[in-house]
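Take a look at this one; I'll ask things after.
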Amino acid sequence: MKIGIDIGGSHVGIGLIDQNGTMIAKEEQDLCNNLKEENYSQKLVETIIELITKILDNKKINIKEISLIGMAIPGTVSDTHIIKADNLHIKDFNIASEINKYFNIPIMLRNDAKCAAIAEKEYGGLKKYDDALFLTIGTGIGGAVYLGGKLLKPKKYEGFEIGHMVIKKDGIKCNCGRKGCFEKYASMKALKDKVQKSFENENLTGIEIKELLTDNKNNEKIEKIIDEYIEDLKIGIANLINIFEPQTISIGGSFVYFKDILLDKLIQKLSEKNVLFNNQEPPKIIMAKLKNNAGIIGSVIEYKD
């Protein structure tokens, strides 16, 4: 058995995965993202150890039965380090050695979007497609690309920082230091921030925001927020379609829970004249079949070239 860990912008999800890629136990915990870098790194490790221990105890499993710990990280990683994770405010942190102080078993690190894409390709909605684009839209925006059935992977780092594609010159400053990044306008965090600001309530939860958008579709203020969000999302996705020409696009992250509000509008915008090169038909857009479990499951799949 293996343990998969998916680190999000504000939470950690950990699952126990069997040899068939089935998750047989899961634990989650929210994280406070207002901590300083050093404290956040330590809190992250403590949370991971706590949740792994809880799963092992609940399932009465000895750590010796675990062959691998896989980690899906929202940022740039090496074999052992989080090199840079802007939304976690972490740089050059050897998370593998910290966890090995408690559990001395092999640890594999990979970018979170790549983990989710690999899981969707192996077990989910991308199984039958050779050319596919995977987007995870949540706190930030991440991505992965399959061409000819193979995951594109640069030699230096894992690359494809889709969320840091600039869509507005001199736009909002991003955590990465650049201005106008895609994820500052089209992540789910960007949408939620707009709703909270517009309704002057910073304490609205994701569930409350979804209810607000669903129950007030004809509200002029709501319509404007959604239209602006979809317009920004359309720009970024249209760029990616023109570059990679995928057969399909799979979307994961918390966007999945807002699909009834957002998906049809996005498809309609992508179908408008002069949005895509040669006015081509947009590719099929599907939701991640494994939903928010994709990153956990994909983190323990050893990618086959």
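All of the numbers you see were taken from the coordinates with simple rules; none came from a lab. It should be emphasised that the depicted structure is a prediction, and the values quoted were computed from it without experimental measurement. Cβ atoms come from the backbone with ideal geometry, glycine included; neighbour counts cover every protein chain shown.
When the scattering of the chain is computed by the Debye formula from its Cα atoms alone, each counted once and equally, what is log10 I(q)/I(0) at q = 0.09 Å⁻¹?
-0.44
Determine the sum of side-chain charges near Glu272: Lys and Arg each +1, Asp and Glu each -1, restricted to other residues whose C-beta is under 14 angstrom from that of Glu272.
Working: positive: Lys234, Lys265, Lys269, Lys273; negative: Asp227, Glu231, Asp264, Glu281.
Residues close to Glu272 contribute a combined charge of 0.
Turning to a different aspect of this structure: Taking amide H positions as placed 1.01 Å from N in the peptide plane, with prolines and chain starts having none, which residues 5 or more places from Gly9, or on another chain, fall under 5 Å of its amide H?
Amide H neighbours of Gly9, under 5 Å, 5+ apart: Thr139.
Using r as the Cβ-Cβ distance of Asp57 and Asn203, and R0 as 51 Å, what FRET efficiency do you calculate, to the nearest 0.05? Spell out each step's value before the answer.
Values: r = 34 Å, r/R0 = 0.67.
It comes to 0.90.
So what is the relative contact order of segment 95-233, in percent, for Cα pairs below 8 Å that sit 6 or more residues apart?
Details: 153 pairs, mean separation 21.5, N = 139.
Across segment 95-233, relative contact order equals 15 percent.
Past 19 Å, Cα to Cα: identify those pairs from Lys127/Lys156; Lys26/Lys128; Lys259/Lys289; Lys2/Lys64, in the order given. If you can, show how the numbers build up before the last one.
Working: Lys127/Lys156 27 Å; Lys26/Lys128 28 Å; Lys259/Lys289 13 Å; Lys2/Lys64 11 Å.
Among Lys127/Lys156; Lys26/Lys128; Lys259/Lys289; Lys2/Lys64, the Cα-Cα distance tops 19 Å for Lys127/Lys156; Lys26/Lys128.
Now, a different point. What percentage of all Cα-Cα pairs in segment 128-288 are separated by more than 18 Å? Numbers along the way, then the final one.
Values: 7748 of 12880 pairs.
Roughly 60 percent, once rounded to a whole number.
Just subtract the alpha-carbon distance of Lys64 and Asn175 from 0.36 nm times their residue separation and send over the number in nm, one decimal. Could you put the intermediate results ahead of the total?
Values: separation 111, 0.36 × 111 = 39.96 nm, distance 3.95 nm.
Residue separation times 0.36 nm, minus the Cα-Cα distance, leaves 36.0 nm.
Separate question: Mind checking which aspartates and glutamates have their C-alpha under 18 Å from Lys210, skipping anything on the same chain fewer than 8 residues away?
By straight Cα distance, Lys210 reaches Asp193, Glu200, Glu202, Glu220, Glu223, Asp227, Glu228, Asp260, Asp264.
For Lys54, go through the aspartates and glutamates and keep the ones whose alpha-carbon is under 14 Å away, minus same-chain ones fewer than eight residues off.
Glu27, Glu28, Glu46
Here's something else I'd like to know. Over the chain, what relative contact order in percent results from Cα pairs under 8 Å that are six or more residues apart?
Numbers: 575 pairs, mean separation 62.5, N = 305.
Contact order relative to length: 20 percent.
Can you tell me the FRET efficiency between Ile83 and Asn216 if r is taken as the Cβ-Cβ distance and R0 is 45 Å, rounded to the nearest 0.05?
The formula returns an efficiency of 0.60 here.
Turning to a different aspect of this structure: Nearest 5 is fine: what % of DSSP beta bridges in the chain come out antiparallel, could you say?
Values: 28 of 47 bridges.
Here the share of antiparallel DSSP bridges comes out near 60 percent.
If each DSSP helix of 4+ residues adds -39,500 (n - 2.57) and the sum is divided by the residues in the chain, what number results at 222 nm, nearest 500 deg cm²/dmol?
So the helix-based figure for the chain works out to -11000 deg cm²/dmol.
Additional query: How far is helix 259-270 tilted off the main Cα axis of the chain, in degrees rounded to 10, range 0 to 90?
Taking Cα atoms only, the helix is inclined about 50 degrees.
How far is helix 206-215 tilted, in degrees, relative to the longest principal axis of the Cα atoms in the chain, given as a value from 0 to 90 rounded to the nearest 10?
The helix 206-215 is inclined about 30 degrees to the chain.
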